[in-house]
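Quick notes on the structure that follows.
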Amino acid sequence: LNVAPNTDGVIREIPLLYSFGNNDPAYMPIALRVVASLFGTPNNEIRFVPGKYIDIGTPFKVYKDRRGRIGCSYPNVTASQLKAILEQSERISALKPGESVDITNYAALYRDGESGGYVATHAGNFPRIVVEALQEYDMDKIITMKVGAEARITSDIRVRRDMDIEWVISAPYGEREWYVGNNQLRMLARCDLSAFETMGPASKKLLFCTFRVENLNGELRSSIPVLRGRTLRELCRTSWEELEKMKPGFRRDYGKPVRIPLTPENNHIVTYFGPKGEPFEYYSFYDIMNERVHGDLQGKIFIIGSSVANMFDIVSVPLDHVYPGVEVHASLMNSFLTDTFVTRLTAWQDLLILLLVGTIMGFISYMLKPLPGALLSFAFVFLYFLAAMTVFGTDNLWIEIARPTLSIILTFTAVMAYRYITEERDRKFLHATFKQYLSPELIDMMYRQKRTPRLGGDEGIRTAYFTDIQGFSTFSEKLGSPTRLVELLNEYLTAMTDILLAHYGTLDKYEGDAIIAFFGAPMPMEDHAQAACRTALGMQRALGNLRMKWRSEGDKWPAIVHNMRMRIGINSGPITTGNMGSAVRMNYTMMGDAVNLAARLESAAKQYGVYTLISDATFELVKNDFIARVVDKITVVGKSAPVTVYELLAERGSLDEEVGRMLDIYNDGLEAYFSQRWDDAVALLNESEKMEPHREIAPANMSPSTKIIGYCEELKNNPPGPEWDGVRALTSK
């Protein structure tokens, strides 16, 4: 009966075999002894495999003794009870989740010597003569009687149906009237009254106990603890005729053999099933003795013990430090009866989990910044704890929590300390070097790829980006104060630079009001041209918002500020980027012909009355993502190779309808121009000119339409000849 606590005073695991001498037999604790007896497993069939398990056999057994009588291993499950279960096996097997069925109610034979005996039930005591009369009559006729109908069983015994679920049996014996339901009627019909002949005076014989089956979440459970799940389903696949054909001395086993797991030290981990008092119901011993407890307790297992502190049977368990010791035995019995056990991982499996969580945590700590790493570490601890508790709650698998949690914390701390001492130093150096002209994300990418600043450069296909404020030379005069000019420029450059860095552009330098930048270095970008175009559209929108803000500020700024416009030139091609300068002072910048062309395009935009001009090299890279229109075929100052230049209009899917209509007419006019159909071109371009988006604000109402119209008029008077390629040479930067 006694259960010794573990070294920390808590009962977690106990031995299941005790020996009190070298030659003495092994003894089992009460919980194991009781369940082995309820299973009907003989001692010589109980198997002990050291360090692994104790096998106590199958939960339910049916046997035929040498006199040919059928019996069961579980107490008070009679042959009549077993036969009733098998007769209802189809109903039991067909139960759906949430459904239940009552198979039998309590019934027992009593022999008293005077009346010849009676059948005791919850509906009353039925004299033997009444039960015999009911069994000789057709029970189906009684069951199917209409409400209010009455049947005469014998001259003295009558049955009347009072309502759908109740019948009244009347007879001039004993209690004279009995109110019964459908189940009680069928149970009386199944009572084996022949047992009266073998009973002595003042004796009792149980026929049926109250037996109920329910389907709980797909598992069959019954009021007899061992008849559940696989055991009950296997029993329901047996017929009564098969059992009758068994030879005397033979038996049939049902269910999976219960193997109680043991630790390497031959202890068993106790499986607790809930808080104190759950799921085990408590009854007062005094109330039991004085018959104050109502309800059907047949088939239940009772453990008698104390639950008050002054009886000195309070113990400490993982669930509670104040726990009735008697409930430890109840938990063990319930675990054995339901084949539900807590299992623990092996030492090697525990070590593998420690290595796994340590490796994952080390990777997380190394790859992330300290704050995100700390948050993710906390989340990892929580998720591990949740996973361990979930596995324990669903599969009763005990996974260590303390050591893996400590491993996560120590790993994170160690990696962060290492990074602070070594790697953060390199990150700070990169930030100090590049923070003025690179986005923090690009600096982090450079750090992860171990790219450090060094003198020299490398060439690649990149995109150069130039911006300039239209007519900025007049701003100083209009503002009247260098301080106000600096204030205006700071606001403008801050907004534009934020957009540049947000699209992973690299700021080369500021030259007064001009912004010089590039995309695709120091970190390679597959979409450097697209990023440049998104930046250009974003800057133009941001400048529009700034103009609205400056206008809302009233007289703070003159009209020239309210109407500020910005020109942008973009070109893609081979560009060399790197740290240029001396060994002690360097500047990360770009060089190459593609850079010069981008600068020329920014200034050329003025001659066409547009604000964002891109080269054909850039257009070829972005034409699937952006809408642009051909402005002209030109050669810039200092270059002989012609370049087709485009005005960047919008991202695909976001073009204004009015601009779209203008673009269709403009393209038709441009096609006529290059085909030397001057009059057609002029007619079309005059129409498109009326819809030009910048015609009201461009210098001298300049626009691509008016520019090409001027070309048409010039060439009409001086035809260029059939070999003309449409290229125009710009004469100014």
**OP:** Could you state the accessible area per residue of region 578-716 in Å², with a 1.4 Å probe and every protein chain left in place?
**Re:** 45
Original post:
With each run of n ≥ 4 DSSP H residues scored as -39500 (n - 2.57), what mean residue ellipticity at 222 nm is computed for the chain after dividing by its residue count and rounding to the nearest 500 deg cm²/dmol?
Top reply: -12000 deg cm²/dmol
**OP:** Quick one: grab the alpha carbon gyration tensor of region 162-213, order the square roots of its eigenvalues as a ≥ b ≥ c, and give me rounded if a/c is under 1.5, else prolate or oblate depending on whether a/b is larger than b/c.
**Re:** oblate
**OP:** Order the peptides 545-557, 524-536, 602-614, 329-341 from the highest to the lowest mean number of other Cβ atoms within 10 Å of their residues.
**Re:** 602-614, 524-536, 329-341, 545-557
**OP:** Would you mind working out the accessible area per residue for region 499-566, using a 1.4 Å probe, and quoting it in Å²?
**Re:** 39
**OP:** Run down the lysines and flag those whose C-alpha is under 27 Å from the C-alpha of Lys369, throwing out any fewer than 8 positions away in its chain.
**Re:** Lys428, Lys435, Lys450
Original post:
Tell me, what is the per residue accessible area of region 53-205 in Å², probe radius 1.4 Å?
Top reply: 50
Original post:
By average Cβ neighbour count within 10 Å, what is the ranking of 48-59, 130-141, 457-468 from highest down?
Top reply: 457-468, 48-59, 130-141
Original post:
Of the labelled options (i) 1.32; (ii) 1.01; (iii) 0.97, which one gives Rg/Rh (Cα atoms, Kirkwood Rh) as computed for this structure?
Top reply: (i)
Subject >> For region 240-326: rounded, prolate or oblate by the Cα gyration tensor [a/c cutoff 1.5] >> reply: oblate
**OP:** Could you state the angle between the C-alpha long axis of helix 482-502 and the longest principal axis of the C-alpha atoms of the chain, as a value from 0 to 90 degrees rounded to the nearest 10?
**Re:** 50
Original post:
Calculated FRET efficiency, Met145 and Arg252, Cβ-Cβ r, R0 30 Å, to nearest 0.05?
Top reply: 0.15
Original post:
Under Stokes-Einstein, with the Kirkwood radius over Cα pairs standing in for Rh, what whole-number D in µm²/s applies to region 264-373 at 25 °C and 0.890 mPa s?
Top reply: 135
Original post:
Which percent of the accessible heavy-atom area of region 322-369 goes to carbon and sulfur, probe 1.4 angstrom?
Top reply: 75
Subject >> Cross-link reach list, aspartates and glutamates versus Lys716, counting only Cα pairs under 16 Å and skipping chain neighbours closer than eight places >> reply: Glu671, Asp679, Asp680, Asp725
Subject >> Packing-based ranking, highest mean first, of 476-482, 72-78 given that Cβ atoms within 10 Å are counted >> reply: 72-78, 476-482
**OP:** Summarise the accessible area of region 38-93 (1.4 Å probe, protein heavy atoms) by the percent that is carbon and sulfur.
**Re:** 45
Original post:
When the accessible area of region 468-540 is split by element with a 1.4 Å probe, what percent falls to carbon and sulfur?
Top reply: 54
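The values are calculated or read from the model by the stated rules, or taken from the named source; none is laboratory data. None of these values were measured; they are calculated from a predicted model. Please note: Cβ atoms are built from the backbone with ideal geometry, for glycine as well, and neighbour counts cover all protein chains shown. Note: areas computed on protein heavy atoms with side chains; ligands, DNA, RNA excluded. Shrake-Rupley method; radii C 1.70, N 1.55, O 1.52, S 1.80 Å.
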